[in-house]
1. Looking only at GluC sites (Glu not before Pro) in DSSP loops with at most 16 other Cβ atoms within 10 Å, what is the longest site-free stretch of the chain?
2. Using only alpha carbon pairs under 8 Å that are at least six residues apart, calculate the relative contact order of the stretch 8-174 and give it in whole percent.
3. Show me, for the stretch 65-81, the HN-Hα J-couplings you get by feeding each phi into the Karplus relation (A = 6.51, B = -1.76, C = 1.60, θ = phi - 60°), rounded to Hz, glycine and proline as x.
4. Counting only protein heavy atoms, what percent of the accessible surface of the stretch 8-174 is carbon or sulfur at a 1.4 Å probe?
5. Using alpha carbons only, how many degrees (0 to 90, rounded to 10) separate the axis of helix 290-299 from the longest principal axis of the chain?
6. Antiparallel DSSP bridges in the chain: what percent, to the nearest 5?
7. Counting only protein heavy atoms, what percent of the accessible surface of the stretch 291-357 is carbon or sulfur at a 1.4 Å probe?
8. I'd like the per residue volume of the convex hull spanned by the Cα atoms of the stretch 77-142, given in cubic angstrom.
Amino acid sequence: MKFFMPAKLYSEHNCVAEHSRELSSLGRKALIVTGKSSSKKNGSLDDVISAISDHGTEYILFDEVEENPSVETVMKARDAGVEGVADFVIGVGGGSAIDAAKGAALMIANSDKGWEYMYNSTGGKHLPLAAVPTTCGTGSEVTGVSVITRHDLKTKVSLKHRIFPALALSDGKYLLSAPRTLIINTAIDAFSHLIESGVNINADRSSMMLVMTGLSLWNECRPYIEGCEDIDEKAALSLMDASTFGGMAIAQTGTTIPHALSYMLTYNAGIPHGPAVGAFQANYLRFADKDLRDRLLGAAGFADGDSLEEFMKRLAPINPERKLLEMSAESVLAKPEKLAVCPYKLDRETVFRIANI
Ligand SMILES: [Fe+2]
């Protein structure tokens, strides 16, 4: 068994203000990396700015992160940080903002390198990083993974470096103003992380503890995900915790086939990440060991794979062209390192069946 998760995590009401001293102690001048609008609407950006300002810490704001941020955006954030002499980075928002912040933290610390350094090297030093998540899916606040869009390859690609935040501050109140679709999509991403970590060659006792706890918590939140009940702050924090458990789980095991299949769908057809990974979960589970499959589905409150498939089709339907699915399946088949993470035998036919072809 192994376990590595070096981020210090606080998941509680008002945690940004409560732990402002720890946040400020990461450096003297922060580069705050966020999106164009949601962190301004949900109050997280104001909270971060006042938390660090209270301790005399300066900041530069980079608020140009788009959904599925590109290499170009990371390099723009890098330039802002280098120009302003930032010595730590705070990512505020969903996975896009936090992943871009990770890239910026790496590239500011390696400002003599070109963008290729993100992909051509491993183990690079990076600036200290804090993450304030505002959605319930990415888990990026507790992983070392950053997935950035490569326009040259027309897909999203994980950086080779592991860039863990030193501090993660998760507060359910930021989720309350999120559109329902965003809550559904990100909750499906969290579910997918938990399933892919569970059905994974790297799964062990510690990662399975996170998976089972995360799925149970996710199941408790089903009424809010399905829109049967209005979300309140307690439920929002539970959803964010389920996402954080998913993040901690994939930090141990990595994701597997559904995530690998999804990236081309997101790039080429604009399908949001959650629905793009959720669509393959039922098929991915169908080929898994029966006892494991039953345990995972049971923890998440699904009677069987068919009810999971029905859930995904009802809440997050996708309809990609067959040609795109074939391209995605071919790209996965060309990545032996991805295939190796799956605990069951993956031949061409099985990958195509998981891809709904
Ligand atoms: Fe994901």
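1. Looking at the chain, 117-225 is the longest stretch - no exposed GluC sites (Glu not before Pro) with at most 16 other Cβ atoms within 10 Å.
2. Taking the mean separation of contacting Cα pairs over the length of the stretch 8-174, I get 28 percent.
3. Rounded to whole hertz, the list is 7, 8, 5, 6, x, 9, 3, 4, 5, 4, 5, 5, 5, 4, 4, 4, x.
4. 48 percent
5. Roughly 50 degrees, rounded to the nearest 10.
6. Of the beta bridges lying entirely in the chain, close to 15 percent run antiparallel.
7. Carbon plus sulfur share of accessible area: 51 percent.
8. About 84 Å³ per residue, rounded to a whole number.
The values are calculated or read from the model by the stated rules, or taken from the named source; none is laboratory data. Predicted model, so just to flag it, every value in this text is computed and none were measured. Heads up, the Cβs are rebuilt from the backbone with ideal geometry, glycines too, and the neighbour counts pull from every protein chain shown. When the accessible area is computed, the model is the full protein with side chains, heavy atoms only, and any ligands, DNA or RNA have been set aside. Shrake-Rupley method; radii C 1.70, N 1.55, O 1.52, S 1.80 Å.
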